[in-house]
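Novice: Mind having a look at this structure? Questions to follow.
The values are calculated or read from the model by the stated rules, or taken from the named source; none is laboratory data. A quick note: this is a predicted structure, and the numbers were derived from the prediction, not measured. Note that we place each Cβ from the backbone using ideal geometry, even for glycine, and neighbour counts take in every protein chain shown.
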Amino acid sequence: MKESVQSRGGPQVARGNPVHPSHWGRRWMGALVALGALGTQAAWAQPLTLHSPLGAAWAWTLVVSMFAIVLLLATYALRHYGFSLNRVFGQQRHPFASIVSADWPRVTIFVAAHNEEAVIEGCLVNLMGVDYPADRMTVVPMNDRSTDRTREIIDAVVARYPGRIRPFHRTGGKPGKAAALKDATETVDTDFIIVFDADYLPSRGLIRRLMAPFFDPEVGAVMGRVVPQNCGANLLTRLLDLERSGGYQVDQQARMNLGLVPQYGGTVGGIRVGALKAVGGWHDDVLAEDTDLTYRLLLGGWKTVYQNRAECYEEVPQSWGVRVRQIKRWAKGHNQAMWRHTARLLTARHLSARERVDGALLLGVYLMAPVLMLGWVISLLLYFTVSLQWIAPALVVMAFMTHGALGNFAAFFEIAAATHMDRSGHRVRLLAFNWLGFLVSAVAIARGALEQVLLDRIGKRQFKWDKTVRYRTAPAAAGTAGQPRVGA
Amino acid sequence: MTMALLLILLCLGVVLVPLLPALSEWHRPTDVTPLAIDEADALEPDCLARRFAARLDRALQLDVGQVGDTPLSTLPRSSLWPVGTLTKKEQRTGRTERIWYSAGDAVLPQGLHGLAEIAARGLLRAAAGHTYRALLAGGRLLLSSRVRVMRWAHGHSVVVGDQCQLSARVSADELILLGRDVHFSLLHAPTICFAGVLPADVQGGLAGIEGLTWEAAEGSVARRARVEGSLTVPALRHWEGDLAVAGHVWLGEGCVARGSIQATGMISLGAGSMVSAAVTACGEVYVAPGAQVRASIVSESAVVLGPGSVIGVPGAHATVRAPQVDIGKGVIVHGTVWSGERLLTVGDAFGELDDGHREAGVYSLDEGVDWDDVTGRGVAPASLSIAPGRRWDGDLVCQGDLELGPRCHAAGALKAHGDIGLGAGGCVDGSVIAQGEIVVGAGVHVRGSVASETAVVLGPGCRVGSPGQPATVTAPRVEVALGVVVHGTVWAGHSGDALGTMQLLAEGDGGDWSERGEVGAQVFHLPGRAVA
C-alpha cells in the first residue's frame, strides 16, 4: 500500500492517481502547510502532489481533515501554553483578594445532596465553623429525595446548631441538581447564594473570599478553587490531584488574568440572585447547569470571577469506572452548552473579541478528545493509503506528532506550572503518568460525545441525579459522628 | 543495524526515562498529603500578630525563656537601660536578635534596632529613626518619627509618626493615627485617621483643640473659647463649643465643630469639614470643597464656596452674605445668598454635556445608561459624565471612564473599566471598583469598599466605610490626603503613602482653587471636569 516517495529535487517516481488541487485549495493548503512548519523555499518551489490507490478525493479528504485537526489542536495547545506562561511570568490579577474588611451581605449557602449520608455532615459542620458573620449566612442543605439516611443526618445537625441551618427537603418534582436548585432558589430572601456539593469541606475563610467579588456590581458569579482531599488514596486520585491543580491554579487563573472567560463550576461558587433572575434563572433541562449559567451570564452582561485563594477540599473518584462516568457526564453537559450558546456567543457584540474567541474555545474543549482520536485514525489512514510527493514522511510524522504531542504536552505543561506554583514537592514526579489519565479521559469523552449524538440526541435527555460515589463512611447514627475539619 | 538498534534504544530512552521518577514516586509515595489550605487565613491583616501573641503567651506560661528558638528577654521599663542588659555584641552592632517582652509599659532605647519581635503588655514607644522587625503592644503603640517596621506592628491603638516607613502590616484593635509623609503597606483597624499633626500627649486623641481653654458661656450650657491671635486647627479634630478668634482661623481637613466660629480676620474651612453653627468673619471666608456649614455665613469681605460644599440644612434656612460671593460647582445653599457687589458662579452649575463630549464618546446619566428592570443595574457602554448634584438608585457599571460631579449621591455601587473620579462632597452607598485609577474627591463619603487594579487617591477629608460597617481600600498604589478616615483596611499592593499635602484639580479649573495649593504638593487631575 505504501507508495514510494521522492527525494527532494529528484525524479518523481509514483504510482496511483496524481491529484492537482484547485486554485482555492492550493492557497488554503499552502497556508496550512506553512503553519505546519513546512514552508521552506525548496518546498514552495514544487506543486503538492498526492497519490492514493483509493482515489484523489480520498487522499485530499484525509489531508485536509488532518490539517484541520492539527490546526484545531495547535490552537488549543497554544492557548494552554499561553496560559501556563501567563501564570508563570505574566501579571496576575487578584482584584478582590485584598478585600478583607467589609459590611458583608447576607447570603444563602446551598448544599446539594442526593443520598449523601456519607459526607453531608462533614460539609455542614465545616460550614458552621467559617468566619462569616453568623447572622448573615443561612445554610440550606438541599436534600433532594434521598432514600438513605441523609435527611436524618441533616435534621440531627440542624438540632445541634439551632437557628443556623434551614433544611430544604425536596420530595417531588423534576429530578436533578438544576431542578433542585431551581426550587430551592425560590425560597431565598438574600441577594446572593453559594453552592456546595455535599462532599466538600469549606475552610474557615472561604465564604468571605467567595463573597468579596460581589462588591463589584458587574460580577454575576464567583468560582473558587477545588482541592482534592483524598489525593493519597491511589494512583488515580494522585493523577486527579495534578489535573485539578493544572485546571484551577493555571487554567482558570490565567483566564482571569487575561480578561477571558473563567468558568463557574457548579460548586464552591457564588451567584448573584439578581443576575440569575435577569438571565432566566436555573434551567432544569440542561445537563451542566454550571456551564450553561456561565454562558448565559456572559451573554447577559455579567462577569464570572475566579478566586484562586478561595480553596475548598473535595473528594475525587477513587476508581476508574467512577471517573469515566463522571467525565462522560461533564462532557455531555459541556457539549450541550456548546450546542446552545456558541452561535450567540460569537455574534455577541457587547463582548470583546478575546472573550468571544476564548468562550467558544472553552465551549469546544470537550470536543477535542473525539477530534484527537479521529486524528489518530486519519494519521494511520494517511500513512497507509496516501503517498505524498512532497517531503511526505516529514509531513506525516509532523502531523502525527503535532496533534498527538502538542495537545497532550500543553496540558501537562499547565500541570507542571501549577505544581511549581503550589510548591507541592514531589508529586510532580507523577506527571509522566498523566498520559494514562489523559488516555482514559479521551476515550470516555469520545464515547460520551458519540452516545450524545447517536443515542441521547443533543439537547434532549432524561434527567436524573448522576451521583458520584463517595468514599467516606457514614456516621453510625446521626449526631454521633466526629466533627470533621479541613485538613483532617 | 547498529545504528538502528541505537535509534530504538534512544527512542525507548526518551519514552521511559521520564517514567522512572513517576514509577519511583508511585512505588514509594513521598508526597501524598492534600495541598495545604490556608486555614489560619494569612490574608487576615492581624494574623501574624495574633500568631506571635499566642506563641508568646505559651512561652510565658511555660516559663521556657525562649519563643521557638529565639531567646526571650525582659524589657526594662525606662529607655535608660541598666548596664549589662545588652550583650557586648548588641552594644557593638546596635542590633538585638532577642525577643523582648515587658509586662507593663516600655520605651525602647536609642541606638538599638530590633531584629526580632518586641512586645509590651501596656504602652510601647519605639525610638525615632530606628528599625524593628515586629512590635506588639497591649496598650498604645507609639511609632516615633522615621521608624521603620519590617513585618508587622499591632497595638490596642497605634500612633504613627511623620515619615515612618511601614513595609509591615500595621493593625490595631481600636484606632490607627497617622502623621505626615508616612509610607505604608497595610493598615487595619476599626478607625484609621490620616490626621497629619499628631496629639502631643501620648494618650491624646483627636477630641478638642490643644492649648485652648474653654469656659462656660453666660446663660447657656454651651461653652466658649477666646483666642488671641491666629488659630490653626490640625485635620480631623472635633470639639463642641463656640470659638471667638482675634485673628485668622484655619480649620484642617475633616474637622467637626459643634459650635460657631467668629474671627476678626479670615476663616478657612478645610475640605470635608463641618461647622454646625454660624461662621462670621471680618475677612474672607473660604469654604473648601466638600465642606459643610449648617448655619449662616457672614463676611464683611468675601465668601468663596468650594465645589460640592453645602450651606444650611433642609428646613432650617441659612444665609450667605458678603459683598462678594464666589460659588463653585455643585454647591447647595438651603436659604439665601445675598451678595452686595458680585455673585460669581464657576463653570456650568448643571454640568450639561455639549456636542464635544458626545463626539469624544462621553455621555450623561440620562442618555448613556441602559437600566435593567430586573436588577435595577445600569450599564453604560461608553464613558459617562454625571452632572453635579444628581442622585440615583441602583448599581452603575461603566465600560469607559466614569466621572461624578460634585455632591452626587449614588445609592448603589459603581464600577468602571476605566478611571473613576468622584466629585467633592459626594456620597456612594455601595462600593467603588475600577480597573483604572480611582480619585475620591474632597469630603466624599464612600460607604463600601474602594478597589482599583491601578491606583486609589483619597482626597482630603473623605471617609470610607462607617463605624460598624467596615470597608477596604485596596490598589497597587494608594495615596491618601490629610483628614481622611477609613473604617477597616487600607491595603497597598506596591506602595501606599499618607501625604502631608495634596491638591486635587479638575481639568480646566485652574484659577481659584489651584492657587490655594501648597508648594511641593502632590497634584492629581481628575478625569473630565469633576472638581474634587
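Novice: Looking for something hydrophobic (A, V, I, L, M, F, W, C) and surrounded by fewer than 21 Cβ atoms within 10 Å (Cβ to Cβ) - is there at least one such residue anywhere in the stretch B:139-158?
Specialist: yes
Novice: For the stretch A:144-170, give me each residue that is part of a strand (DSSP E or B) and under 18 Å from residue A:128 (Cα atoms).
Specialist: A:165, A:168
Novice: Quick test for you: out of A:176, A:172, pick the one residue that is exposed (fewer than 15 other Cβ atoms within 10 Å of the Cβ) and over 20 Å from residue A:225 (Cα atoms).
Specialist: Answer to the selection: A:172.
Novice: Taking the condition of being more than 26 Å from residue A:208 (Cα to Cα) and hydroxyl-bearing (Ser, Thr, Tyr), how many residues in the stretch A:224-261 meet it?
Specialist: Residues flagged as more than 26 Å from residue A:208 (Cα to Cα) and hydroxyl-bearing (Ser, Thr, Tyr) within the stretch A:224-261 amount to 1.
Novice: Find the residue count for the stretch B:393-426, including only residues that are under 19 Å from residue A:191 (Cβ atoms) and of a type outside the set (Val, Ile, Thr).
Specialist: Residues that pass the stated criteria total 10.
Novice: Just one of the numbered conditions (1) away from chain A (no Cβ under 14 Å); (2) farther than 21 Å from residue B:292 by Cα is not true of residue B:439; which one?
Specialist: (2)
Novice: Related question: So residue A:231 fits all but one of (1) buried (at least 17 other Cβ atoms within 10 Å of the Cβ); (2) not in a loop (DSSP other than H, G, I, E, B); what number is the exception?
Specialist: (2)
Novice: Just checking, how many residues over the stretch A:91-113 are part of a loop (DSSP other than H, G, I, E, B), buried (at least 24 other Cβ atoms within 10 Å of the Cβ) and either away from every other protein chain (no Cβ under 14 Å) or within 24 Å of the chain's Cα centre (by Cα) (or both)?
Specialist: 1
Okay, residues lined up against (1) over 36 Å from the mean Cα position of the chain (by Cα); (2) not in a helix (DSSP H, G or I):
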| residue | (1), (2) |
| --- | --- |
| B:4 | yes, no |
| B:7 | yes, no |
| B:23 | yes, no |
| B:64 | yes, yes |
| B:79 | no, yes |
| B:83 | yes, yes |
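Novice: Would you be able to say whether some residue in the stretch A:291-307 is within 21 Å of residue A:182 (Cα to Cα), of a type outside the set (S, T, N, Q), in contact with a Ser or Thr (Cβ under 8 Å, 6 or more places away or on another chain) and at pLDDT 90 or above?
Specialist: There is at least one residue in the stretch A:291-307 that is within 21 Å of residue A:182 (Cα to Cα), of a type outside the set (S, T, N, Q), in contact with a Ser or Thr (Cβ under 8 Å, 6 or more places away or on another chain) and at pLDDT 90 or above.
Novice: Quick one: in the stretch A:314-362, which of the residues that are surrounded by fewer than 22 Cβ atoms within 10 Å (Cβ to Cβ) and among the polar types (S, T, N, Q) is farthest from residue B:417 (Cα to Cα)?
Specialist: A:319
Novice: Let me ask something additional. Would you mention how many residues in the stretch A:197-226 are part of a loop (DSSP other than H, G, I, E, B), farther than 19 Å from residue B:470 by Cβ, facing chain B (nearest Cβ under 9 Å) and touching a Phe, Trp or Tyr at 6+ places or on another chain (Cβ under 8 Å)?
Specialist: Residues of the stretch A:197-226 part of a loop (DSSP other than H, G, I, E, B): A:198-200, A:203-205, A:216-218.
Next, only the ones that are farther than 19 Å from residue B:470 by Cβ stay: A:198-200, A:203, A:217-218.
Now narrow it down to the ones that are facing chain B (nearest Cβ under 9 Å): A:203, A:217-218.
In the following step, the residues that additionally are touching a Phe, Trp or Tyr at 6+ places or on another chain (Cβ under 8 Å) were identified as A:203, A:218.
Residues flagged as part of a loop (DSSP other than H, G, I, E, B), farther than 19 Å from residue B:470 by Cβ, facing chain B (nearest Cβ under 9 Å) and touching a Phe, Trp or Tyr at 6+ places or on another chain (Cβ under 8 Å) within the stretch A:197-226 amount to 2.
Novice: While we're here: Quick check: is even one residue across the stretch B:126-146 among the hydrophobic types (A, V, I, L, M, F, W, C) and more than 24 Å from residue B:203 (Cα to Cα)?
Specialist: No, the conditions are met nowhere in the stretch B:126-146.
Novice: State yes or no: is residue A:315 of a type in the set (Asp, Glu), within 11 Å of chain B (Cβ to nearest Cβ) and within 29 Å of residue B:36 (Cα to Cα)?
Specialist: In short, yes.
Novice: Just checking, does the stretch B:44-61 include any residue being facing another protein chain (nearest Cβ under 8 Å) and either in a helix (DSSP H, G or I) or within 30 Å of residue A:307 (Cβ to Cβ) (or both)?
Specialist: Scanning the stretch B:44-61, I find at least one residue that is facing another protein chain (nearest Cβ under 8 Å) and either in a helix (DSSP H, G or I) or within 30 Å of residue A:307 (Cβ to Cβ) (or both), so the answer is yes.
Novice: Criterion first (crowded, with 24+ Cβ neighbours inside 10 Å and farther than 29 Å from residue B:299 by Cβ) does residue B:186 satisfy it?
Specialist: Spelling it out, it is not the case that residue B:186 is crowded, with 24+ Cβ neighbours inside 10 Å and farther than 29 Å from residue B:299 by Cβ.
Novice: Please list, ordered by first then second residue, the pairs with beta carbon atoms under 7 Å, 6 or more apart or interchain, first in the stretch B:150-167 and farther than 16 Å from residue B:114 by Cα, second hydroxyl-bearing (Ser, Thr, Tyr).
Specialist: B:161/B:144; B:161/B:145; B:162/B:145; B:163/B:145
Novice: Run down B:386, B:420, B:433 and say which single residue is away from chain A (no Cβ under 11 Å) and modelled with pLDDT of 95 or more.
Specialist: None of the other options fit; the residue is B:420.
Novice: Further question on the same structure: Taking the condition closer than 24 Å to residue B:386 by Cα and either surrounded by fewer than 19 Cβ atoms within 10 Å (Cβ to Cβ) or at pLDDT 95 or above (or both), does residue B:475 pass?
Specialist: Against the criterion (closer than 24 Å to residue B:386 by Cα and either surrounded by fewer than 19 Cβ atoms within 10 Å (Cβ to Cβ) or at pLDDT 95 or above (or both)), residue B:475 does not qualify.
Novice: If you don't mind, another one. Restricting to the stretch A:47-61, what's the tally of residues that are assigned to a helix (DSSP H, G or I) and surrounded by 22 or more Cβ atoms within 10 Å (Cβ to Cβ)? Break it down into steps so the answer makes sense when it comes.
Specialist: To start, the set of residues in the stretch A:47-61 that are assigned to a helix (DSSP H, G or I) comprises A:56-61.
Subset that is surrounded by 22 or more Cβ atoms within 10 Å (Cβ to Cβ): A:59.
Selection size over the stretch A:47-61: 1.
Novice: May I ask you to say which residue of B:485, B:456 is over 22 Å from residue B:309 (Cα atoms), more than 10 Å from chain A (Cβ to nearest Cβ) and either touching a Lys or Arg at 6+ places or on another chain (Cβ under 6 Å) or part of a strand (DSSP E or B) (or both)?
Specialist: B:456
Novice: Output the number of the condition that residue A:86 fails; it satisfies all remaining conditions of (1) touching a strand residue (DSSP E or B) at 6+ places or on another chain (Cβ under 6 Å); (2) part of a helix (DSSP H, G or I); (3) modelled with pLDDT of 90 or more.
Specialist: (1)
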